[in-house]
1. Name the lysines eligible as straight-distance cross-link partners of LYS43: C-alpha to C-alpha under 23 Å, and not fewer than 8 places from it in the same chain.
2. With contacts defined as alpha carbon pairs under 8 Å and 6 or more residues apart, what's the relative contact order of the chain in percent?
3. LYS77: which aspartates and glutamates have alpha carbons under 19 Å from its alpha carbon, excluding same-chain residues fewer than 8 sequence positions away?
4. Mind listing the long-range amide H neighbours of ASN31? Cut-off is under 5 Å, sequence gap 5 or more, other chains count too, H placed in the peptide plane at 1.01 Å from N.
5. Note the direction-averaged projected area, equal to a quarter of the hull surface, for the Cα convex hull of the chain, in nm².
6. For segment 38-49, what does the Karplus curve 6.51 cos²θ - 1.76 cosθ + 1.60, with θ = phi - 60°, yield as ³J(HN,Hα) per residue in whole Hz, taken in order and with x for Gly and Pro?
7. Restrict the search to the chain; then list the chymotrypsin sites (Phe, Trp or Tyr not before Pro) that DSSP places in a loop and that have at most 12 other Cβ atoms within 10 Å of their Cβ.
8. How large is ³J(HN,Hα) for each residue in segment 15-22, as worked out from phi by the Karplus curve 6.51 cos²θ - 1.76 cosθ + 1.60 (θ = phi - 60°), to whole Hz, x for Gly and Pro?
Amino acid sequence: MTGDLTMRGVTHSVVLAVDGPTEVVKGPWGNASRGVSATGTLKRTAWGLVWNKALEAGGVLVGEDVQLIIDAELVAKAPAAK
């Protein structure tokens, strides 16, 4: 899946790998739902997030790559009451 992500007024295209949707399952209250997951990695400095701090033992405190993990449940809308 490809979409635009805006942070701090900066917009870039982001590509996420999507798993799902899963098979429809019925919850304990009778609602039909499916699950979906999306993952991807972005470079935080592309959005102007450049703060960092050198560590005494070497290296830096914050890495360049940010891993996105999205887990969502899609629930069917209940029918309107009559």
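Bear in mind that the values in this text are calculations on the coordinates, not laboratory data. Fair warning: this is a prediction, and the values are worked out from it, not measured in the lab. Every residue, glycine among them, receives a Cβ derived from its backbone with ideal geometry; neighbour counts consider all protein chains shown.
1. LYS53
2. Numbers: 125 pairs, mean separation 22.2, N = 82.
Relative CO of the chain lands at 27 percent.
3. Output for LYS77: GLU23.
4. none
5. Working: hull surface 36.9 nm².
Mean shadow area of the hull around the Cα atoms is 9.2 nm².
6. Each residue of segment 38-49 in turn: 9, 9, x, 10, 9, 8, 5, 5, 5, 9, x, 8 Hz.
7. Numbers: sites: TRP29, TRP47, TRP51; in loops: TRP29, TRP51.
Those that pass, being in a loop and sparsely packed, are TRP29, TRP51.
8. Here the 3J(HN,Hα) series is 10, 10, 7, 10, 10, x, x, 6 Hz.
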